[in-house]
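Everything on this sheet refers to the single structure shown next.
The values are calculated or read from the model by the stated rules, or taken from the named source; none is laboratory data. As the structure is a computational prediction, the values presented were derived from the model and not from experiment. Positions of Cβ are generated from backbone atoms using ideal geometry, with glycine treated the same way; all protein chains shown enter the neighbour counts. Just so you know, the surface numbers come from the protein's heavy atoms only, side chains and all, with ligands and any DNA or RNA stripped out. Shrake-Rupley method; radii C 1.70, N 1.55, O 1.52, S 1.80 Å.
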Amino acid sequence: MNHASLYHRASAVQRRDAKQIFEEFYDVMQWRRDGGDKIIDVGSGSGNVLMENIYPLFPPNFDEVMSTDCSEKMVEFARKNYGETERAIFEVLDIACKEIPEHLNGRFDHVLSFYCLHWVQDQRLALENMNKLLRVDGGDILLAFLATNPIYDVYLTLAEREKWRCYMKDTMKFISPLHLSDDPGAEFKKLLEETGYEDIAVQIREEVFIYEGTQK
Ligand SMILES: C[S@@+](CC[C@H](N)C(=O)[O-])C[C@H]1O[C@@H](n2cnc3c(N)ncnc32)[C@H](O)[C@@H]1O
């Protein structure tokens, strides 16, 4: 997850899902009547999904989009490839940081995040921080991430096997915090309520993606 150019080439599932979800929820999002929306994307990775698949769908008169990631390498890669894009800015941001940088507090109308939150073990802190990014009188967040995935069971199985155990010391860091939940939808909804969100919709969807070949 830290090799930007590889991720850039092998993110077909993320492209499909981010676009589909953004299109589906576009009309529910509270776009400003006067245009001028400020948007932040959390965990943009190499930037390709945001810049190539989501950016073209923004209202034409939006004000700015900030692409962020906790990985400096990812942000550097995104800036190098998309730095010339109009109204786009790039910053390093760990969404589970202790304190949101002052200049980002209350700055945005919309927080987006695709395929990132399953990497964040402290989701409560991440949601609190996302709330701080929003303007004080409202705004919205649109999140899509893995509640669970069969690969997580593979990690857990490997971690128990004598042969592989020594390589699997930090397994839980790579598993979505909701993977072992009996009711991930209810659990995440509760977390959203406790971190100050209103008008919440949480959906658990079962998705299948067929890769084009073994190389992918
Ligand atoms: C699977 S990639 C998703 C990239 C992009 N959003 C997409 O849909 O293709 C997950 C990204 O989340 C970033 N990430 C993980 N933990 C994060 C955190 N605490 N704060 C910000 N970004 C984080 C990783 O560095 C990685 O680039």
message: I'd like the full set of residues that are outside any helix (DSSP H, G or I) and open to solvent by less than 90 Å² (accessible area, probe 1.4 Å), limited to the range 20-31.
response: Y26, M29, W31
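Checking the conditions here, which among K216, K163 is of a type outside the set (V, I, T), open to solvent by 100 Å² or more (accessible area, probe 1.4 Å) and without any contact (Cβ under 8 Å) to a residue 40 or more places away in the chain?
Values: K216 fails: without any contact (Cβ under 8 Å) to a residue 40 or more places away in the chain.
One residue alone meets the criteria, K163.
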- prompt: What about A159, is it small (G, A, S) and in contact with a Pro (Cβ under 8 Å, 6 or more places away or on another chain)?
  reply: no
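Given the residues G83, G43, which is the only one that is small (G, A, S) and either open to solvent by 60 Å² or more (accessible area, probe 1.4 Å) or at positive phi (or both)? Talk me through it step by step, then tell me what you get.
Values: G83 fails: either open to solvent by 60 Å² or more (accessible area, probe 1.4 Å) or at positive phi (or both).
Being small (G, A, S) and either open to solvent by 60 Å² or more (accessible area, probe 1.4 Å) or at positive phi (or both) holds for just one of G83, G43, which is G43.
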- prompt: Take the residues of the range 88-135 that are away from the ligand (no atom under 13 Å from the Cβ), surrounded by 15 or more Cβ atoms within 10 Å (Cβ to Cβ) and aliphatic (A, V, I, L, M): which is farthest from S11 (Cα to Cα)?
  reply: L134
